[in-house]
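The values are calculated or read from the model by the stated rules, or taken from the named source; none is laboratory data. Since the structure is predicted, the reported quantities are computational estimates derived from the model, not experimental observations. Here the Cβ positions follow ideal geometry from the backbone for every residue, glycine too, while neighbour counts run over all protein chains shown. What goes into the accessible areas is simple: the full protein's heavy atoms, side chains included, and nothing from ligands, DNA or RNA. Shrake-Rupley method; radii C 1.70, N 1.55, O 1.52, S 1.80 Å.
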Amino acid sequence: ELKGIVFVIQSQSNSFHSKRAEDLKRDIVKQAADLGKESPTVLLIHQIDRHEGAWTILPLMTDFSVTYGRSTSWIFFCEEDTRIKVIKLLETLRRFDKSKEWFLGKALYDEESTIIHHYAFAENPAVFKFPDFAAGWALSIPLVNKLAKKLKSEPLKSDFTIDLKHEIALYIWQKGEGPHLTPVPEFCTDDVNSYKADGCATTFSNFLPLCGEPVNKEDVFVAVKTCRKFHGDRIPVVKQTWEREAALIEYYSDYADISIPTIDLGIPNTDRGHCGKTFAILEKFLNHTSPRTPWLVVVDDDTLISIFRLRKLLSCYDPNEPVFLGERYGYGLGTGGYSYITGGGGMVFSRTAVQKLLASKCRCYSMDAPDDMVLGMCFSGLGIPITHSPLFHQARPMDYPKDYLSHQIPVSFHKHWNIDPVKVYFTWLAPNTEESSNGKKVGYNREDL
């Protein structure tokens, strides 16, 4: 029965995202009413605010077990852009014995071992399956109860959350003692309007959000972090690829080179983090650029980014809100840590966010502290949530499952290691491979990069 399913939407508090999650909730409730069934429970993760790390889901298992452990059969998780055919979902879940431990989803796997998964299963990475959140995924209540019990005796370790879907699957698997992910063909990421979607209980509706006209080129200021030793090899890649998409771009270094040109911030380069350099860039943006420029993007010199697509994405955000946008990681979230935007994929700030940050007293604890983590700590202390977009990537295309990237129109990738970065840019990010203007995805001629 429908009342045996608790729907959990992996929502965010930013106004654009919370509205989308509310729309999905309304759609689920309406489908239930149309079927003549009573409304199911639909939870929005960002409203479960007892946990800074609610988005990492595992800390919620105890609450789910206590609240729903006796009255329901399934917890079904989905993203704000997952589309659900409720009647088909009911039919699909009925195939599985709800008294057993089930972990259901659309299976992803690594084709080669990758840094974002700490080179797990290096011998044969394809053996380990983890769920594509965009297709929705489900846990049976017996499994939720078991996880809650385990969390009581073994609290989550205070370390990094990097790729949540992989880490959840690893935790559930328990080194082979827990269930593997069971692939469910009805959990799909095909476009909601695709002919393939007919047999699907779930589909996916958004490859790249667009909420009106893309923001103007002049509304985005791009700051590239570099240093003298990379002027010769990394900066030429930026100039060959995405520099032409940016109307306002400056290169910040430890050495003024007029041929690029770079600006010497007067801060020595450090081998580890670049907190001092990044905060100097934020001060410069606030005090030395036009107050009419609402957006700042900070990227590394080995970040590959589509400013063209970023301008589309930014049409969905209100620059009068404090927006801090990119790929979300977590640190110590089991024990009251914080979330942060990982720097390599690009960090996007509204001017309002920069103003609030610099008006606070939060600064680097050392010049070579990791800038992205310090920013996460500062924004967390200010009560400003970070905003996650899966379209920013801290690693290279080859570090992600092909099936995961197939329902994205990516905004960025990072690192030049063992790839031809110019080729990666023109294959994955350049405007000439652009999707058609109505937001539908078109086939790319992507090589195996």
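If we scan the range 46-61, do we find a residue that is more than 30 Å from Gly376 (Cα to Cα) and open to solvent by less than 60 Å² (accessible area, probe 1.4 Å)? Walk me through it before giving the result.
Residues of the range 46-61 that are more than 30 Å from Gly376 (Cα to Cα), as a first pass: none.
No, because not a single residue in the range 46-61 is more than 30 Å from Gly376 (Cα to Cα) and open to solvent by less than 60 Å² (accessible area, probe 1.4 Å).
Of all helices (runs of 4 or more DSSP H) completely enclosed by the range 270-366, which ones contain at least 1 residues that are under 30 Å from Asp159 (Cβ atoms) and over 18 Å from the mean Cα position of the chain (by Cα)?
Values: elements: 275-288, 307-314, 351-359.
It comes to 275-288, 351-359.
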Consider Glu22 carefully, then state whether it is among the charged types (D, E, K, R), under 25 Å from the mean Cα position of the chain (by Cα) and open to solvent by less than 70 Å² (accessible area, probe 1.4 Å). yes
What single numbered condition from (1) assigned to a helix (DSSP H, G or I); (2) open to solvent by 50 Å² or more (accessible area, probe 1.4 Å); (3) over 17 Å from Ala134 (Cα atoms) fails to hold for Phe64? (2)
Residues of the range 99-120 satisfying the condition of being touching an Asp or Glu at 6+ places or on another chain (Cβ under 8 Å), under 27 Å from Ile5 (Cα atoms) and part of a loop (DSSP other than H, G, I, E, B): Lys106
Which pairs do you get when a residue that is assigned by the TED database to the domain that holds Lys284, found in the range 261-273, comes within reach of a residue that is open to solvent by 30 Å² or more (accessible area, probe 1.4 Å) and among the hydrophobic types (A, V, I, L, M, F, W, C), reach meaning Cβ atoms under 7 angstrom, with the pair 6+ apart or on two chains? Thr262/Ala256; Ile263/Ala256; Asp264/Ala256; Ile267/Met367; Thr270/Met367
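For the structure I just gave you, tell me whether Lys25 is closer than 22 Å to Lys88 by Cβ and either assigned to a helix (DSSP H, G or I) or of a type in the set (Lys, Arg) (or both). If you could, list the steps in order and put the result at the bottom.
Working: closer than 22 Å to Lys88 by Cβ: yes; either assigned to a helix (DSSP H, G or I) or of a type in the set (Lys, Arg) (or both): yes.
Yes, satisfied.
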So, in the range 320-343, of the ones that are of a type in the set (D, E, K, R) and in contact with a His (Cβ under 8 Å, 6 or more places away or on another chain), which residue ends up nearest to Val220 (Cα to Cα)? Glu327
State whether the residues of the range 69-77 include one that is in contact with a Gly (Cβ under 9 Å, 6 or more places away or on another chain) and open to solvent by 30 Å² or more (accessible area, probe 1.4 Å). yes
List, please: which pairs have Cβ atoms under 7 Å, are six or more places apart or on different chains, and start with a residue in the range 279-291 that is touching a residue at least 12 places away in the same chain (Cβ under 8 Å) and end with one that is surrounded by 15 or more Cβ atoms within 10 Å (Cβ to Cβ) and among the small types (Gly, Ala, Ser)? Ile281/Ala223; Phe285/Ala223
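Does the range 100-111 contain any residue that is in contact with a Lys or Arg (Cβ under 9 Å, 6 or more places away or on another chain), farther than 30 Å from Met398 by Cα and in contact (Cβ under 8 Å) with a residue 60 or more places away in the chain?
Going through the range 100-111, the residues in contact with a Lys or Arg (Cβ under 9 Å, 6 or more places away or on another chain) turn out to be 101, 105, 107-109, 111.
From what is left, the residues that are farther than 30 Å from Met398 by Cα are 101.
Applying the additional criterion that residues be in contact (Cβ under 8 Å) with a residue 60 or more places away in the chain yields 101.
Yes, the range 100-111 contains a residue that is in contact with a Lys or Arg (Cβ under 9 Å, 6 or more places away or on another chain), farther than 30 Å from Met398 by Cα and in contact (Cβ under 8 Å) with a residue 60 or more places away in the chain.
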Tell me, please, whether a residue that is over 19 Å from Leu357 (Cβ atoms), of a type outside the set (S, T, N, Q) and open to solvent by 10 Å² or more (accessible area, probe 1.4 Å) can be found in the range 275-289. no
Give just the number: which of (1) touching a residue at least 12 places away in the same chain (Cβ under 8 Å); (2) among the hydroxyl-bearing types (Ser, Thr, Tyr); (3) closer than 24 Å to Glu101 by Cβ does Thr114 not satisfy? (3)
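Surrounded by fewer than 20 Cβ atoms within 10 Å (Cβ to Cβ), within 16 Å of Ser306 (Cβ to Cβ) and in the same structural domain as Trp295 (by the TED database): does that describe Glu250? First the steps, then the outcome.
On the way: surrounded by fewer than 20 Cβ atoms within 10 Å (Cβ to Cβ): yes; within 16 Å of Ser306 (Cβ to Cβ): no; in the same structural domain as Trp295 (by the TED database): yes.
Spelling it out, it is not the case that Glu250 is surrounded by fewer than 20 Cβ atoms within 10 Å (Cβ to Cβ), within 16 Å of Ser306 (Cβ to Cβ) and in the same structural domain as Trp295 (by the TED database).
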Looking only at the range 3-19, and only at residues there that are in contact with a His (Cβ under 8 Å, 6 or more places away or on another chain) and not in a helix (DSSP H, G or I), the one that is surrounded by the fewest Cβ atoms within 10 Å (Cβ to Cβ): Ser13
Can you name the number of the only condition in (1) farther than 17 Å from Thr278 by Cβ; (2) crowded, with 20+ Cβ neighbours inside 10 Å that Trp417 fails? (2)
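Can you tell which of Ala353, Ala359 is modelled with pLDDT of 95 or more and surrounded by 24 or more Cβ atoms within 10 Å (Cβ to Cβ)? If you could, list the steps in order and put the result at the bottom.
Numbers: Ala359 fails: surrounded by 24 or more Cβ atoms within 10 Å (Cβ to Cβ).
Selected residue: Ala353, the only one of Ala353, Ala359 that is modelled with pLDDT of 95 or more and surrounded by 24 or more Cβ atoms within 10 Å (Cβ to Cβ).
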For Glu321, work out the one condition from (1) acidic (Asp, Glu); (2) closer than 30 Å to Leu108 by Cα; (3) surrounded by fewer than 20 Cβ atoms within 10 Å (Cβ to Cβ) it doesn't fulfil. (2)
Selected residue (criterion: surrounded by the most Cβ atoms within 10 Å (Cβ to Cβ)) from residues of the range 84-120 that are closer than 23 Å to Gln10 by Cα and of a type in the set (Gly, Ala, Ser): Gly105
